[in-house]
Amino acid sequence: MAEGTAKNQNTGADTQELTDGFHLIIDALKLNDVKTIYAVPGIPITDFLRMSQAEGIRVLSFRHEQNAGYAAAIAGFLTKKPGICLTVSAPGFLNGLTALAHATTNCYPMILISGSSEREVVDLQQGDYEEMDQLAVAKTMCKAAYRVLHAADIGIGIARAIRSAVSGRPGGVYLDLPAKLFGQVMNAEAGKKSLVKVIDAAPAQIPAPDAIKRALDVLKGAKRPLIILGKGAAYAQADDAIRNFVEKSGIPFLPMSMAKGLLPDTHPQCAGAARSTVLKDSDVVMMIGARLNWLLSHGKGKTWGETPKKFIQIDIEPKEMDSNVEIVAPVVGDIGSCIDAFLGAMGSKWDAPPAEWTNAVKAKREENVAKMAPRLMNNNVPMDYHGALGVLRTIIKERPDAILVNEGANTLDLARGIIDIYKPRKRLDVGTWGIMGIGMGQAIAAAVETGKPVLAVEGDSAFGFSGMEVETICRYNLPICIVIFNNDGIYRGTDVNKASADPATTVFVKGARYDKMMEAFGGVGVNATSPDDLKRAVNAAMDSGKPTLINAVLDPAAGSESGRIGNLNPQSALKKK
Ligand code: ADP
Ligand code: TZD
Ligand code: MG
């Protein structure tokens, strides 16, 4: 036992230097280049956070663990290193758990570290302060879960957590640190030796040459090929290789939401504005870091039309292959290595796809863009989504380095389609689950990790899930401009409950002034009632870098039920009264 050893050594020699759990955890994190911790303090981690700060780790102290967790998760996506979230026991842990599960679902590397109560008491269920068998609860929600009981194992525990989070398919890892561990002492020299610097945490996974050849043969035989880029491709940070590959192939590409900007949405091969056409009419589809889940209608059905498809898939996770439909050419490996292998095997001459196909995609795209253009220029008061988004679209065009955070229903679906993204990893949103509440956590981590300005475009409901973090944004003085699309409710503000005096479940207080929330903490609040107001206010915020919240007053009737995914609502078999 480390504690025993340290005591014995201590009695033997007064000069013996000691260390403890607190310092070993901090040293282990620093040794592995952890620069930032996203946290909410309390027993047993308050002093730990103070010491971390004193030792040069930046600690972002949040108002709710879920938001700290979403911050850590997206930090993982942005940096390819595990984002670290620290919480107190039971309730703090549970608050962080949604984010851990979200990180795992989205393949973001993240480590949730929670202090926990004493094992002896927890296991006998004797009612400790914030008692819970956290390790058991966490196990089903993440890629791996570990507990460290001895100070001498801290180095190994943290190394395992880091490696588990980032290697293979990235995901969430839980690390349980009982309160007693923090104060455990051991010989400082032995402690130092026990720390582990993780070497090559996410080793390259080189694809098999015959898998590359098989995939290229399928691609060569295509008459109407399509590339789908997913957020795995954005995560991989193989931006130049991906761009070279897409351009060399001449194949139209469709970016999934968070893969927008890997190549600019305005790129001549971008099929974003011809989505339904390319999904229906393509004959060979090459998936790069994207899954055939609900977001792509599982690769079958009406969305995919009558044309028989052959799927090629590049993914680091072998089990992803054939998950929904047959993959005729699976390519297992990390995207950087796979794309390099493709570029090598394509040789210097590669025939572009038939012009008939690329011209048809281009024509459809131009038709759809032209149809949309006048709607984006409207100056209606009260604003509709298109008028407001037309303004934000121009602002992002002029400021392509800014990071767009986006959540809501209509606010999400319409912003995704309308706001072009020009650079990789500049669009962060609700991800695979379509989760509300990621807004402020993601905005904070984006500002902290990249130093770039952030524009958070939020439905009024979506914002409410993490709205208290505006105080955090003001406290750390982060360059974040929040625009709330305030249509008085979820989907719309016009729903009426005919059965009682209670409001309908989807509507909020009419005419709410979210801008006042920001003013309460010393930030800039603006009430914008027209596209011109909105433009002025966002530009001022982006120029000044001051924490700003703009309440964009939208027509309460603007918006439709569930945005673009109303079809997923179950229907009652009984006739409506
Ligand atoms: P989207 O929602 O954009 O369609 P998904 O989250 O569904 O994207 O899919 C991302 C996929 O990318 C996952 O299957 C994941 O295993 C894979 N992935 C993540 N990182 C890498 C990488 N470095 N190399 C290869 N595949 C990766
Ligand atoms: N809770 C969580 C955690 N995630 C969810 N996705 C939902 C609830 C359900 N939900 C949606 O899917 S969108 C949405 C909710 C509550 C809010 C939509 O309203 P909004 O956007 O104001 O954010 P619009 O522009 O009014 O559509
Ligand atoms: Mg709304």
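The values are calculated or read from the model by the stated rules, or taken from the named source; none is laboratory data. Quick caveat: nothing in here was measured; it's all calculated off a predicted structure. For neighbour counting, all protein chains shown are included, and Cβ atoms are generated from backbone atoms with ideal geometry for every residue, glycine included. Only protein heavy atoms, including side chains, enter the accessible area calculation; ligands, DNA and RNA are left aside. Shrake-Rupley method; radii C 1.70, N 1.55, O 1.52, S 1.80 Å.
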Only one of (1) in contact with a helix residue (DSSP H, G or I) (Cβ under 6 Å, 6 or more places away or on another chain); (2) within 16 Å of ligand 3 (Cβ to nearest atom); (3) aliphatic (A, V, I, L, M) does not apply to Ile335, and that is (2)
Checked the stretch 34-88 for anything touching a residue at least 12 places away in the same chain (Cβ under 8 Å) and hydroxyl-bearing (Ser, Thr, Tyr); matches are Thr36, Tyr38, Ser52, Ser61, Tyr70, Thr79, Thr87
The condition of being in contact with an Asp or Glu (Cβ under 6 Å, 6 or more places away or on another chain), surrounded by fewer than 24 Cβ atoms within 10 Å (Cβ to Cβ) and over 14 Å from Tyr108 (Cα atoms) holds, among Ala179, Ala188, only for Ala188
Any residue at all in the stretch 469-482 that's in a helix (DSSP H, G or I), open to solvent by less than 10 Å² (accessible area, probe 1.4 Å) and within 17 Å of Ala552 (Cβ to Cβ)? yes
Sole miss for Gly525 among (1) open to solvent by less than 50 Å² (accessible area, probe 1.4 Å); (2) part of a loop (DSSP other than H, G, I, E, B) is condition (2)
Residue pairs within 6 Å by beta carbon, gap of at least six or interchain, first lying in the stretch 159-182 and free of Cβ contacts under 8 Å to residues at least 24 places away in the same chain and assigned to a strand (DSSP E or B), second among the hydrophobic types (A, V, I, L, M, F, W, C) and surrounded by fewer than 24 Cβ atoms within 10 Å (Cβ to Cβ), listed first then second, are none
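Every residue, every condition in (1) more than 14 Å from ligand 1 (Cβ to nearest atom); (2) charged (D, E, K, R); (3) outside the structural domain of Thr432 (by TED's automatic domain parsing); (4) open to solvent by less than 10 Å² (accessible area, probe 1.4 Å), yes or no:
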residue: Pro203; (1), (2), (3), (4): no, no, yes, no
residue: Leu216; (1), (2), (3), (4): yes, no, yes, yes
residue: Lys223; (1), (2), (3), (4): yes, yes, yes, no
residue: Ile227; (1), (2), (3), (4): no, no, yes, yes
residue: Gly230; (1), (2), (3), (4): no, no, yes, yes
residue: Ala233; (1), (2), (3), (4): no, no, yes, yes
residue: Ala236; (1), (2), (3), (4): no, no, yes, no
All conditions in (1) in contact with a strand residue (DSSP E or B) (Cβ under 9 Å, 6 or more places away or on another chain); (2) modelled with pLDDT of 95 or more are true of His64 except (1)
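Quick one: would you say Asn379 is over 23 Å from Arg275 (Cα atoms) and open to solvent by 50 Å² or more (accessible area, probe 1.4 Å)?
Answer is yes for this residue.
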Item to complete: Answer with yes or no whether Phe311 is touching a strand residue (DSSP E or B) at 6+ places or on another chain (Cβ under 6 Å) and in the same structural domain as Trp294 (by TED's automatic domain parsing).
Response: yes
For the stretch 435-464, the count of residues that are surrounded by fewer than 22 Cβ atoms within 10 Å (Cβ to Cβ), within 16 Å of ligand 2 (Cβ to nearest atom) and in a loop (DSSP other than H, G, I, E, B) equals 2
Taking the stretch 304-320 and keeping only residues that are more than 21 Å from Ala202 (Cα to Cα) and within 14 Å of ligand 1 (Cβ to nearest atom), one is left with Phe311, Ile312
Within the stretch 244-259, the residues that are assigned to a helix (DSSP H, G or I), open to solvent by 20 Å² or more (accessible area, probe 1.4 Å) and either modelled with pLDDT under 95 or within 16 Å of ligand 1 (Cβ to nearest atom) (or both) are Ser257
By residue number, the members of the stretch 483-498 that are of a type outside the set (Ser, Thr, Tyr) and within 13 Å of ligand 2 (Cβ to nearest atom) are Val483, Ile484, Phe485, Asn486, Asn487, Asp488, Gly489, Ile490, Arg492, Gly493, Asp495
Condition set small (Gly, Ala, Ser) and more than 8 Å from ligand 2 (Cβ to nearest atom), scope the stretch 408-434, selection most open to solvent (accessible area, probe 1.4 Å): answer is Gly417
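Among helices (runs of 4 or more DSSP H) lying entirely in the stretch 79-140, which contain 3 or more residues that are surrounded by 21 or more Cβ atoms within 10 Å (Cβ to Cβ)?
90-106
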The number of residues in the stretch 300-321 that are in a helix (DSSP H, G or I) and surrounded by fewer than 16 Cβ atoms within 10 Å (Cβ to Cβ) is 4
Margin query: So, Thr494, is that one free of Cβ contacts under 8 Å to residues at least 60 places away in the same chain and either away from ligand 3 (no atom under 12 Å from the Cβ) or among the polar types (S, T, N, Q) (or both) or not?
Written below: no
